[in-house]
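Values quoted throughout were computed directly from the atomic coordinates according to the rules given, and no laboratory measurement underlies them. Just so it is clear, the model here is predicted, and its values are computed rather than measured. So basically every Cβ, Gly included, is an ideal-geometry build from the backbone, and we count neighbours across all protein chains shown.
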Amino acid sequence: MVKQKKPNLSVKIGNLDLKNPIMVASGTFGYAEEFEDLIDLRKLGAIVTKTITLKGRQGNLPPRTCETPAGMLNSIGLENPGIDKFIREKLPFLKKLGIPVIVSIAAEETPDEFVILVKRLDQIPEISAIELNISCPNLQKDKLISQDAKATFELVSAVRKFTEKCLITKLSPNVTSITQIALAAQSAGADALALINTLGGMSIDVNKRTPKLGAWVGGLSGPAIRPVAVKMVWEAYNKIKIPIIGMGGIMDTESALEFFIAGATAVSVGTANFVDPQASLEIIAGLQQYMMDNNMQNLSSLTGRLKACKD
Amino acid sequence: MSIAQIKAKIISNQRLNGNYGHLEFESGLIAKHAVAGQFVNIRVADALEPLLRRPMSIHGVKASKVKIIYEILGKGTQILLTRKPGEFLDIIGPLGNGFNYPRLAKSTQATNILIAGGMGVAPLIFLAEKLKLSKPLVLIGARTKKQILCLQEFKALGCTLKLATDDGSVGFKGRVTDLLRIVLEQTKPLGLFSCGPHPMLKTVAQIAHENKIPAQLSLEEHMACGIGACLGCEVLTKTGYKSVCKDGPVFSSEELIW
């Protein structure tokens, strides 16, 4: 028998090189130090930090999480120490890891805050990419930036001028047409799209007749949203040229593969980090095995290779 | 001490007093490093329902065995009750900051009062064992006699026990915090240690403040990650929100804002 060559798991997202396409999703992995005792962080393709804002944020009124069928709701409300404290206290640990660090950012009041944040982060060489979180459902806004194609275009265009770093735009699934928003981000110069953020949701305690979350409503994540996410990745893949980072309820190798086949170039593991901190590393191994079993040398043989049922 | 994710063998798992369960698992690592007041985060089954782990106070350790007790309240604990000796459980621990007692543990003279409400006995047994030289006074409150747990275990440690039930079926008729007020008329302890429902802990904090006695309170919250990453189990303190899972579950009563 011919000894099979190990498949090449590396991918390119904009100017960002990943040794493997498995990342951890923003908000589910803190600033990585929280997981240091539990997994070998250096094996991850990349780490996306919890979202940072200009000033620190206290976050929303507790309770902030509740379990739902095959999923969970959260309304954390972007609790974070702010950019200065992040750079001072959280970034040194991330820099030491030697793997790509993607910093997720959001604005509280005006889009100008994104510009200020991007200018700051652009000057730090150890930061590999910036993720624009224009889709957080927990800021009590009437409308998210990513729910409007024009606002998405303007925001991405505004920050694009100030950085050469890989710019990822994270989109909300709470829209009529994901492709319309995806196209707007692409034409404004985004290097990649992260699909999807959480779905708006609500859960009620029937005995108390109160919402289960202090903020009343929150974002749904976990395997419950996976079919929605896979569909949106597939829809966007058919219309855009820039890479897609797929996410939404990835728990294991099989669920990660669904995203690649639907059109993702890389994937992020989110809620699964709470359930089993080993999930992301097991997916890296499982993906490699799948590619060997199917004689695939590169991920380009997998991404978007969806066939019709009758074939 | 670092935390670990382990596959722990179940040694025993039995129903206790009707609606409670008592489970022992094997983990030399957790047994060796656990501090009273810390918890473990258990994946009750390798399934998507329930999705999240269940945080459980460490009830005690013996050699390489770790004990927990749990109230059978919902799907997660119902599944946990079906798990059999010899099977393996996916456990992360030991987690959080426990009670602060190293100095008290060496004393034979210290007077400390432990106040448990319902399932709040779980971490307080472990603490009573650490403080056994000074034979702490233990107050346990529950709705009825049937919900009073671990009496024999506290007695075996030489603790003095006082009970309170809402219906008066055993001990003082009324709230355990009313019983605490009566007890404090006669004794001035060095410290209060408490675990139980949120309203009870709030009253213990008030009583501690009025009597100028330091109190350490173990809080309970729904958790997603259990390791301080998701910021889902936050509690408001004088220095802002803190994570019950990582900064707690034990907090000084003066630190908390109710």
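What the table shows:
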{"read-out": "Gain in span if fully extended, residue B:152 to residue B:84, counting 0.36 nm per residue against the direct Cα distance", "value": "22.0 nm"}
{"read-out": "Given A:5/A:43; A:6/A:165; B:145/B:202; A:50/A:95, the pairs whose alpha carbons are separated by over 25 Å", "value": "A:6/A:165"}
{"read-out": "Selection from B:58, B:48, B:77 lying farthest towards where the dipole of the stretch B:4-95 points positive, charges on Cβ", "value": "B:58"}
{"read-out": "For the stretch B:99-111, 3J(HN,Hα) per residue [Karplus equation, 6.51 cos²θ - 1.76 cosθ + 1.60, θ = phi - 60°, Hz, x = Gly/Pro]", "value": "5, 9, 9, x, 6, 5, 5, 8, 8, 9, 9, 4, 9"}
{"read-out": "Neighbourhood net charge (13 Å Cβ-Cβ; Lys/Arg +1, Asp/Glu -1) for residue B:108", "value": "+4"}
{"read-out": "Extension gain, residue B:181 back to residue B:132 (0.36 nm per residue minus Cα-Cα distance, nm)", "value": "15.3 nm"}
{"read-out": "Pairwise centroid distance, computed over Cα atoms, of the stretch A:11-46 with the stretch A:236-308, Å", "value": "14"}
{"read-out": "Spatially proximal aspartates and glutamates relative to residue B:188 (Cα-Cα < 20 Å; intrachain offsets below 8 disregarded)", "value": "B:178, B:210, B:254"}
{"read-out": "Shielding by partners, peptide A:132-145 (average Cβ within 10 angstrom, other chains)", "value": "0"}
{"read-out": "Qualifying trypsin sites (Lys or Arg not before Pro) in the stretch B:197-244, DSSP loop, other Cβ atoms within 10 Å at most 11", "value": "B:212, B:238"}
{"read-out": "Partner chain coverage, peptide B:218-226 - average Cβ within 10 angstrom", "value": "5"}
{"read-out": "Radius 11 Å from Cβ of residue A:55, net charge of other residues (Lys, Arg +1; Asp, Glu -1)", "value": "-2"}
{"read-out": "Theoretical gain in end-to-end length, residue B:106 to residue B:167 [0.36 nm per residue, Cα-Cα removed]", "value": "18.2 nm"}
{"read-out": "Long pairs among A:96/B:246; A:19/A:119; A:208/B:238; A:161/A:212, criterion Cα-Cα beyond 32 Å", "value": "A:161/A:212"}
{"read-out": "Protection proxy ranking, peptides B:189-196, A:29-36, average beta carbon neighbours within 10 Å, highest first", "value": "B:189-196, A:29-36"}
{"read-out": "Environment charge at residue B:226 (Cβ cut-off 9 Å; Lys +1, Arg +1, Asp -1, Glu -1)", "value": "+2"}
{"read-out": "Burial ranking of peptide ranges B:16-27, A:256-267, A:179-190, B:214-225 (average Cβ count within 10 Å, highest at the top)", "value": "A:256-267, B:214-225, A:179-190, B:16-27"}
{"read-out": "Exercise: per-residue mean of other protein chain Cβ atoms within 10 Å, A:70-82", "value": "3"}
{"read-out": "Inter-probe distance in nm under a simple model that places probes 7 Å from Cα toward Cβ, at residue B:236 and residue B:198", "value": "1.1"}
{"read-out": "Table column - 3J(HN,Hα) (Hz), the stretch A:65-81, Karplus curve with 6.51, -1.76, 1.60, x for Gly and Pro", "value": "9, 8, 7, 9, x, 6, x, 8, 9, 9, 9, 5, x, 6, 4, 6, x"}
{"read-out": "Cα→Cβ-extended label distance, 7 Å offset, between residue A:88 and residue A:206, nm", "value": "5.0"}
{"read-out": "Residue-averaged 222 nm ellipticity for the protein assembly as shown, from DSSP H runs of 4+ at -39500 (n - 2.57), nearest 500", "value": "-7000 deg cm²/dmol"}
{"read-out": "In nm, spacing of pseudo-spin labels at residue A:37 and residue A:17 (7 Å Cα→C-beta vector)", "value": "3.6"}
{"read-out": "FRET efficiency for residue B:15 and residue B:210, using Cβ-Cβ distance with R0 set to 30 Å, rounded to 0.05", "value": "0.15"}
{"read-out": "The stretch A:11-301: radius of gyration over Cα atoms, expressed as a fraction of 2.2 N^0.38 Å", "value": "0.93"}
{"read-out": "Built amide H within the under 5 Å cut-off of residue A:77, gap 5+", "value": "A:60"}
